[in-house]
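The values are calculated or read from the model by the stated rules, or taken from the named source; none is laboratory data. Worth saying up front: this structure is predicted, and the values here are computed from it rather than measured. So basically every Cβ, Gly included, is an ideal-geometry build from the backbone, and we count neighbours across all protein chains shown.
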Amino acid sequence: MALADQEVKRLAMVERQLRGRGITDSRVLAIMQRLPRERFLPPALAERAYEDRALAAELGQTISQPYIVAFMSQALHVEREHRVLEVGTGTGYQTAILAQLVNRVCSIERLAELSETARQRVEALGLANVTYGVGDGTLGWAEHAPYDRIIVTAAAPCVIPDLLDQLTEGGRLVIPVGTADSQRLTSVERRSGRIIERPSIGVKFVKLVGARGFDE
């Protein structure tokens with residue numbers, strides 16, 4: 001497919017799927033308007049990159065629907081100076097968006113092959129402010145903690161205490177919480193020793209596998 005065709009589809013995706021559904025963060029919109037989502041998909045699916053749905057990715061994983069990626073990115077309320085932990089590197093698409101929003105992204109993925117593929121994709125875009133790790137993301141990544149923001153890109157059975165422990169005061173966690181089949185996207189804030197949870201939209205993510213997540 002010609003590059004110009006993909007650019008037209010990308011612009012239409014931003015206008016209809018994102019702005020049209022209430023995404024207002026100008027930074028998120030600008031990044032997603034210029035970021036080539038097709039680079040984060042298997043070649044056979046490249047022409048479907050801007051469809052309004054999640055798509056299959058490598059090793060049984062998925063790349064989330066563009067609207068959900070935008071919604072979660074906006075829900076983080078990030079500032080440029082923030083350090084963000086991403087639990088579940090996946091294809092690297094969300095990673096690339098975060099890398100253009102904040103100073104430092106630490107992204108942990110349990111599957112080494114996915115982590116390496118994502119690293120290559122993100123670095124090919126000239127983004128060098130991401131630290132990649134392979135391990136059990138349900139335990140967070142204590143080596144680089146604390147974090148101003150944490151985003152979890154797979155379904156968790158609960159708000160995971162280990163992740164809350166790695167948040168700064170005033171920090172925010174965005175995480176899909178529920179069963180393996182259905183979740184609600186939840187924003188969690190740490191404020192003056194209190195934990196404030198705000199559930200929002202219903203979602204369906206692949207399971208977060210690990211000691212504090214689901215069994216494989």
**Prompt:** Where residues in the stretch 195-216 are in a loop (DSSP other than H, G, I, E, B) and touching a Leu at 6+ places or on another chain (Cβ under 8 Å), which of them is nearest to Ser64 (Cα to Cα)?
**Reply:** Gly210
**Item:** Every residue from the stretch 57-96 that is among the hydrophobic types (A, V, I, L, M, F, W, C), in contact with a Ser or Thr (Cβ under 6 Å, 6 or more places away or on another chain) and within 21 Å of Thr131 (Cβ to Cβ)
**Value:** none
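To keep it simple, each residue is scored yes or no on (1) closer than 15 Å to Gln94 by Cβ; (2) assigned to a helix (DSSP H, G or I); (3) touching a strand residue (DSSP E or B) at 6+ places or on another chain (Cβ under 9 Å).
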residue: Leu11; (1), (2), (3): no, yes, no
residue: Arg16; (1), (2), (3): no, yes, no
residue: Gly20; (1), (2), (3): no, yes, no
residue: Ile23; (1), (2), (3): yes, no, no
residue: Arg27; (1), (2), (3): yes, yes, no
residue: Ala30; (1), (2), (3): no, yes, no
residue: Gln33; (1), (2), (3): no, yes, no
**Item:** Conditions (1) modelled with pLDDT of 95 or more; (2) over 16 Å from Leu127 (Cα atoms); (3) out of contact with any Phe, Trp or Tyr (no Cβ under 9 Å at 6 or more places or on another chain): number failed by Arg80
**Value:** (2)
**Complete:** Requiring at least 2 residues that are closer than 18 Å to Arg184 by Cα, the helices (runs of 4 or more DSSP H) wholly within the stretch 61-173 are 66-75, 161-164
**Fill in**
Considering residues that are touching a helix residue (DSSP H, G or I) at 6+ places or on another chain (Cβ under 7 Å), small (Gly, Ala, Ser) and surrounded by fewer than 21 Cβ atoms within 10 Å (Cβ to Cβ), the number found within the stretch 135-175 is 0
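Any residue in the stretch 44-58 that is hydrophobic (A, V, I, L, M, F, W, C), closer than 16 Å to Arg119 by Cα, part of a helix (DSSP H, G or I) and touching a residue at least 40 places away in the same chain (Cβ under 8 Å)?
Within the stretch 44-58, the subset hydrophobic (A, V, I, L, M, F, W, C) is 44-46, 49, 54-57.
Filter once more, so that each one left must be closer than 16 Å to Arg119 by Cα: 57.
Add one more test, that the residue is part of a helix (DSSP H, G or I), and what stays is none.
No: the stretch 44-58 contains no residue that is hydrophobic (A, V, I, L, M, F, W, C), closer than 16 Å to Arg119 by Cα, part of a helix (DSSP H, G or I) and touching a residue at least 40 places away in the same chain (Cβ under 8 Å).
Could you pull out the residue among Pro176, Pro199 that is under 16 Å from the mean Cα position of the chain (by Cα) and at pLDDT 95 or above? Show your work before the answer.
Values: Pro199 fails: under 16 Å from the mean Cα position of the chain (by Cα).
The conditions single out Pro176.
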**Item:** Sole exception among (1) surrounded by fewer than 17 Cβ atoms within 10 Å (Cβ to Cβ); (2) touching a helix residue (DSSP H, G or I) at 6+ places or on another chain (Cβ under 6 Å); (3) farther than 19 Å from Arg212 by Cα for Glu123, by number
**Value:** (2)
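Filter the stretch 176-196 for residues that are under 14 Å from Ile150 (Cβ atoms), without any contact (Cβ under 8 Å) to a residue 40 or more places away in the chain and either buried (at least 17 other Cβ atoms within 10 Å of the Cβ) or charged (D, E, K, R) (or both) and give the result.
Taking the stretch 176-196 and keeping what is under 14 Å from Ile150 (Cβ atoms), we get 176-177, 185-190, 195.
Retained after the next criterion (residues that are without any contact (Cβ under 8 Å) to a residue 40 or more places away in the chain): 176-177, 186, 188-190, 195.
Residues satisfying the conditions are Pro176, Val177, Thr186, Val188, Glu189, Arg190.
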**Prompt:** Which members of the stretch 197-216 meet the condition of being buried (at least 16 other Cβ atoms within 10 Å of the Cβ) and either on the phi > 0 side of the Ramachandran plot or out of contact with any strand residue (DSSP E or B) (no Cβ under 9 Å at 6 or more places or on another chain) (or both)?
**Reply:** Val209, Gly210
**Request:** Go through the stretch 10-47 and count every residue that is over 18 Å from the mean Cα position of the chain (by Cα), over 19 Å from Phe71 (Cα atoms) and surrounded by 15 or more Cβ atoms within 10 Å (Cβ to Cβ).
**Result:** 2
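For Thr95, indicate whether it is over 24 Å from Pro199 (Cα atoms) and touching a residue at least 12 places away in the same chain (Cβ under 8 Å).
For Thr95, the condition - over 24 Å from Pro199 (Cα atoms) and touching a residue at least 12 places away in the same chain (Cβ under 8 Å) - is not met.
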